[in-house]
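As C-alpha cells, the structure follows; a few thoughts come after it.
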Amino acid sequence: MSDYRKKKREEEKERLMNEVLNKRRDMNTSTDAKIELRTKAEKNAETIDAISKEVNQTSSFLEKGIAGTNDLLKRADESFEALRKVLNNQQKELNTLSEENGISNDEIEKLQKDIVQEYGLNVEEVKTVKPLNSAETFAQIEEEAKKKVVVEEDTLRRMCNAFRRPYVMGEQGDRAKNVILISGPNGSGRHETLAAVVRAMYERQMILSDEVYTIDMSLYQSNAQEQIFMQDLYQDLSGKGAVICFENFEVGSPQFLRMLDSLVVDGRVKLNKRYVLSKGVLVENQTGLVKDAVDSFSAKGKYLVFITTKGTKAVQNAFGAEFLYHVLDTVSFASLDRERAVQIIDRKAKELTERANDQLRLFVKFTDEAKAWIADHYDKTNGSDALTEIFQNIYIVLSQQALEHNFNYGTEAEIKVADGELSAQIFAAVIPLIREKNSSAEIEAVNKELDEIVGLDMVKDYIRSLQSHIQMQALRKEQGMKTSELSKHMIFTGNPGTGKTTIARLISRYMKAIGALSQGQLVEVTRANLVAQYVGQTAPLTMDVIKSAIGGVLFIDEAYSLYRGKDDSFGLECIDTIVKAMEDNREDLIVILAGYQREMAGFLESNSGLKSRFPNIIHFPDYTGEELRKIAVIQARSKGYEIKEDALQPLEDYFTAVQAINAAEAGNGRLARNVVEDAILKQSKRLVANPGDAMDELRLEDFDLTVTAEPNRK
C-alpha cells in the first residue's frame, strides 16, 4: 500500500474514532460543555482512563445487584444505538473515499472493524441493536408522571400519547413533531402534567432539554410589537427545548396569530422582511443581501402546544378550521373534584412537612380537620393553583415565626382549625395561617375619608355596595358555585371641581383593600397621553398606558375629546384599543371615563361597545353654597387654620351666589380652596399690622366676598 493510501486510511480511522468518542461523550455530559482542543496522545489517554472508569463502574454495578446491572444494560443499549447510527452514516462517505482514492472494500471493512474493536464490540452486536420501543417507554413515562401529578388516568394517557405520536407516525418533513391542544379550567393540572411528561422524556434522553418554552400571546396585542414577538418566537424555535407552549392566544394580535397558523398548517412561516442575527439577537436587515439571512421560521423538531380555558371553539375563532385540522391531539382536563383535591392536599402537606423540617427546624403535623378545612375553603375556580397558594401562605407564616423565635430543631407545629380558621399551634401560641388579600385597616381608612367628603352621598353608597358584592362572590367561589362578574368600569359626569378625581383615587385604594385589584394605583391621563400624531403610533402608545394601569384604575379625564368625529382615525383607534384591553383585562383593571354630562353622552355613541361596557354612569352634581362652606372649613383646618363663627354664614351666602351665576366656570370645590388660600394671604398682612392677633384664625375681614356678576334669574 502506498504512503498516500496509508495516510488517508489513518486519517479516516482517526476521524471516525473521534466522532464515535464524541457521540459517547455527548450522552454523558451536558450539551453546554465547552469544547477543548487536545493532542492525540491526550485523547488516547482520556479514552483509556474512561474505559478504566467504566470497568470499575461495571464492577460496582455488579456488586450492587440487579439495579446496577439494569442501568449498565440501559447505557450499553444507548451506546450501541449511537454507534450503529455513526457507522451507518459514514458508509456513504467511505464508499466515496474508496472511489476517489482507490481504497479497496477489504481495507474499508478492516477500518470499520478496527473502530468497533477499539470499544470491545463486534459488528454483529452493532447491527442487531433494537430501536426504541415507544409503547414500553411511554408506559414508563406515564407511571412516573402519576407519582408527580394528580389528574384523571385517561387524561394523563392522552397526554403521553400526544408526545408518543411522532414516534409511531414518524416526523412529517419540516412540520412540527406534533400540534397539541390542551384545554381545561385554571388549576386543573394542565401545566404540571405537561411539565412532568417533558421531564420524564428528558431523563430518558429523548429530548435535549426539560424546559417548556412559554409564549404568552397577551403580551403581543399590538402590531407595533412585531420586532419583540419575532425575536421571542425565533429564540424558542431555535432553542434546545422541544416544547413551545402558547397561552392566551385568544387575545393576541391577529397578525401574530396568522404567523402561528402558518407555523402549524405549513410547518414554516415566511417572513415579509429579511432578518440577521446580531450578537444573538434577531434584527431586521437594513443593508441588502447578506450571508445567512433569516427569511423564514421552521417548526421542525418541535412540539407546538396551545393551552386554553375555552375549548376548541376559542381555537377556531382565533385561527380557523384549517388550523384545527392539523391539531392531532386534544387533551381535555376536568375541574378539580373533591377526591383529587384531597389527594393534592395530602401530597402538598407532606411536601411542606419535609420543607419545614429541613429549612425551619419545625416538625409540622397536619390534623385531619385542617386538611378538611382546606378542601372546603380553597377557591374552587382556581383549582390546584388555589391549593398551592394556601400551602405557600402556610409556609410563609411559619417562616416568619421561625425568624422571630429561632426554634430549636424539632419544635412541633400542629396545623389545626381554631375558632373556625386554619391555624398553627406552636407551644401555647395559636397563629392564624391564612393571609388575607384584603386589608381591614385600609378599608377603614378609606371609609373614614369617604365620610369626610362633603356631599356625594349616592357615590359613597355605590362604592360601599361593591364591597358586599365582592365578598359574596368570594364565598360562592369557595363553594364552587358560579360567580357573576359585576362590571366595575364607570363614567363620571359633572363640572370641574365636583370631586371626580378624588373619588377615583379613593376607588383605586378601596378596590385594592378589598382584594378586587392587585395593585391599586391610579393612572390619570387625557387625550394627549393616549393619541399619537402619526399613523401606527396610537395603538402602541395607548397599550403602554393601559399596561401601566393594569392592577389599578385608568382615569381618563375629558374622555369625550378622544372622539372628534368619524374622520378622527387616531381617536377611533385609541377607543378601539381601550375597549379591547378592557375585555382582555376585566379582572384586574377598572377604567373610569370623566367629562361634562352632555359631551359624554355624545362620546358614548362613537363606539357601539362603549355603552355596554360602562353600565355605571355616576353624575357628580354641583356643590351647593352650604356644601362649599363645609369644604372651606375642611380646607382651612387641613392648613392649620380655623374660620371664625361670624364668617361662616357670609361665606355660605357668597358661595350660593357665585354657584348660581355659573358653577362650571366657578370651579365648585376649587372655588372653596381658592377663597381659603386668598384669605390666608390677607391674614398675613393683617398679622403684620396687628402682631398680637391669633395666628390660626381666619376672620371675616380676611375674606373677599365680593360677587362680581349678578346671578342668573329665570
Total charge of the residues flanking A299 in space, meaning their Cβ is under 10 Å from its Cβ, with Lys and Arg +1 and Asp and Glu -1, is +3
Karplus ³J(HN,Hα) for the range 401-416 (6.51 cos²θ - 1.76 cosθ + 1.60, θ = phi - 60°; Hz, whole; x = Gly/Pro) runs 5, 5, 5, 7, 10, 6, 5, 6, 4, x, 4, 8, 10, 9, 8, 8
Dividing the mean separation of Cα pairs under 8 Å (6+ apart) by the residue count of the range 440-620 yields a relative contact order in percent of 29
Karplus-derived 3J(HN,Hα) from phi for the range 168-177 (6.51 cos²θ - 1.76 cosθ + 1.60, θ = phi - 60°), whole Hz, x at Gly and Pro, runs 8, 7, x, 7, 10, x, 8, 6, 5, 4
Of the residues G552, A594, N616, the Cα lying farthest along the dipole of the range 440-620 towards its positive end, which is defined by charges on the beta carbon of Lys, Arg, Asp and Glu, belongs to N616
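Considering only the other residues whose Cβ falls under 13 Å of the Cβ of R564, what net charge follows from Lys and Arg at +1 and Asp and Glu at -1?
On the way: positive: R527, K566; negative: E558, D567, D568, E573, E599.
Net local charge, R564 excluded: -3.
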Amide H neighbours of I182 at under 5 Å, excluding residues fewer than 5 places away on the same chain, with H built from the backbone geometry, are F306, I307, T308, V331
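Excluding N178 itself, calculate the net charge of residues whose Cβ lies under 10 Å from the Cβ of N178, where each Lys or Arg counts +1 and each Asp or Glu counts -1. Walk me through the numbers on the way to the answer.
Numbers: positive: R164, R165, R175, K177, K302; negative: E171, D329.
Its environment carries a net charge of +3.
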In Å³ per residue, the alpha-carbon convex hull of the range 134-332 encloses 123
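Run the numbers on the range 338-432 and let me know its relative contact order in percent, using alpha-carbon pairs under 8 Å that are six or more apart.
On the way: 109 pairs, mean separation 29.7, N = 95.
This gives 31 percent for the range 338-432.
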Karplus-derived 3J(HN,Hα) from phi for the range 677-686 (6.51 cos²θ - 1.76 cosθ + 1.60, θ = phi - 60°), whole Hz, x at Gly and Pro, runs 5, 5, 5, 5, 5, 5, 5, 4, 5, 5
Which residues qualify? For E524, with a placed amide H closer than 5 Å and at least 5 residues away or on another chain, they are F555
In debye to the nearest 20, the charge dipole size for the range 134-332, taken about the Cα centre with +1 at each Lys and Arg Cβ and -1 at each Asp and Glu Cβ, equals 280
Percent relative contact order for the range 134-332, counting Cα pairs under 8 Å at least six residues apart, stands at 31
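Values quoted throughout were computed directly from the atomic coordinates according to the rules given, and no laboratory measurement underlies them. Here the structure is a predicted model, which is why all the values come from computation and not from measurement. Virtual Cβ from ideal backbone geometry, glycine too; neighbours counted across all protein chains shown.
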